[in-house]
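Below is one structure, written out as structure tokens, with a few remarks after it.
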């Protein structure tokens, strides 16, 4: 089926897809957020020596509790870190540098947003704090040209003996069957 308004005299015209804006006229994200997922945009504030960007503040409702651990993970250009899921801990993710597409899938059978996918494109030029609560599949792809640096401030400290980390490899048959998203 050809996209409405697609040029009929262009090779591949019937394969063209209409462009969809990620934001509305007020600049707000169009996506319907997955239940309990939150994204708080931040912004780099310029000053005479550079920029300052807030990552997190105790006064932000989105934080949802004390910061008990902070770690940095990096991802090389073109590489993916997906799909992960925590049963108890909430991830609080912030992209420090790089251009990253973070995706969250709601596979919780009892959720009002079961089956929904949220996609966030985040970088140092479009920063924000993303809250991913337990039992949501999430992962990202570095879509930029430099190594990406991501801060995580999970709500629970990492337990070396019994990690609260389950993985579903992004390139597995199971991931293709379960998660309706392909990077």
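Just a few scattered comments:
- Gain on full stretching of the segment that runs from residue 79 to residue 9 - 0.36 nm per residue minus C-alpha separation: 21.5 nm
- Taking the three principal axes of the alpha carbon atoms in region 62-127, the coordinate ranges are 35, 30, 19 Å, sorted in descending order.
- Each principal axis of the Cα cloud of region 37-178 was evaluated for its coordinate range; sorted largest first, these ranges are 51, 34, 34 Å.
- Tail beyond 17 Å, pair distance distribution of region 1-105 (Cα, percent): 72
- Note on residue 114/residue 147: beta-carbon distance plugged into 1/(1 + (r/R0)^6) with R0 of 35 Å gives a FRET efficiency of 0.50.
- Sorting 95-105, 17-27 by average packing, meaning the other beta carbons within 10 Å per residue, from highest down gives 95-105, 17-27.
A short reminder: the numbers here are calculations on the coordinates, not readings from a lab. Just so we're clear, the structure is a prediction, and the values are computed from it rather than from any experiment. Cβ: placed from backbone, ideal geometry, glycine included. Neighbour counts: every protein chain shown.
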